[in-house]
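**Student:** Here it is, the structure in full.
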Amino acid sequence: MKITKTETNNGITSHQLEGDTKCPCCSVQLNGVSTDNGQSPRKGDLSVCLYCAGFLKFTGEAEGSIYSLLSEDEFSSLSPTTQRRLLSAREFVKERNRPLSYNRIKVRLPDED
Ligand SMILES: [Zn+2]
């Protein structure tokens, strides 16, 4: 994983990523990640896909995908606080994507004459 650009606004730091940034769950390219501690993402850090809300983990590998899917066992072994943070991030993503899914459904409707 290579970070090509970092920018901080209102306490949130955005990092632009290069490499195999496909979500292992939905295959969307996740070429950016935001952190709330000002640090760059590191191996073992956790994230949530902004499209499918899947729980991801940074692999820290130089080759191959920069993300792996967080297994149920891995999730269970996290502290309750971390579990709560991931679950609330997932809820945030689902809320954010609701109008998007609605628009997609609307587009597929046949024309009304
Ligand atoms: Zn995804």
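**Student:** Between the alpha-carbon centers of the stretch 53-82 and the stretch 7-28, tell me the distance in whole angstrom.
**Tutor:** After rounding, the separation between the Cα centres reads 15 Å.
**Student:** With θ set to phi - 60° and the Karplus curve 6.51 cos²θ - 1.76 cosθ + 1.60, what are the ³J(HN,Hα) couplings of the stretch 81-94 in order, to the nearest whole Hz, using x for Gly and Pro?
**Tutor:** Couplings: 5, 5, 4, 4, 5, 5, 5, 6, 5, 5, 4, 4, 5, 5 Hz.
**Student:** Also, I was wondering about something else. In sequence order, what are the phi-derived ³J(HN,Hα) couplings for the stretch 49-62 according to the Karplus relation 6.51 cos²θ - 1.76 cosθ + 1.60 with θ = phi - 60°, rounded to whole Hz, with x for glycine and proline?
**Tutor:** Whole-Hz 3J(HN,Hα) from phi for the stretch 49-62: 5, 6, 9, 10, 6, x, 7, 10, 10, 6, 7, x, 7, 6.
**Student:** Tell me, what HN-Hα J-couplings in whole Hz come from the Karplus equation 6.51 cos²θ - 1.76 cosθ + 1.60 at θ = phi - 60° for each residue of the stretch 36-44, using x for Gly and Pro?
**Tutor:** Per residue, the Karplus-derived 3J(HN,Hα) values read 9, 10, x, 9, 6, x, 10, 3, x Hz.
**Student:** Next question. So for the chain, if I pair up every lysine 8 or more residues apart or on another chain, how many of those pairs have alpha-carbons under 26 Å apart?
**Tutor:** 13
**Student:** Also, quick follow-up: Rounded, prolate or oblate: which one fits the stretch 2-108, using the alpha carbon gyration tensor with axes a ≥ b ≥ c (rounded when a/c is under 1.5, else prolate when a/b beats b/c, else oblate)?
**Tutor:** Note, shape of the stretch 2-108 comes out rounded.
**Student:** Could you give the size of the charge dipole of the chain about its Cα centre, using +1 on the Cβ of each K and R and -1 on the Cβ of each D and E, expressed in debye and rounded to the nearest 20?
**Tutor:** 200 debye
**Student:** Could you list Thr82, Thr35 so that the one with the fewest beta carbons within 10 Å of its beta carbon is first and the one with the most is last?
**Tutor:** So the residues, fewest neighbours to most, are Thr82, Thr35.
**Student:** Given the options Lys57, Lys43, Lys22, which has the most mean-square fluctuation in a GNM of the chain, springs set between C-alpha atoms less than 10 angstrom apart?
**Tutor:** Its mean-square fluctuation being the largest, the pick is Lys43.
Laboratory data are not the source of any read-out in this text; all were calculated from the coordinates shown. Computed from a prediction, not measured in an experiment: that's the story for all the values here. No Cβ is skipped: glycine too gets one built from the backbone with ideal geometry, and neighbour counts run over all protein chains shown.
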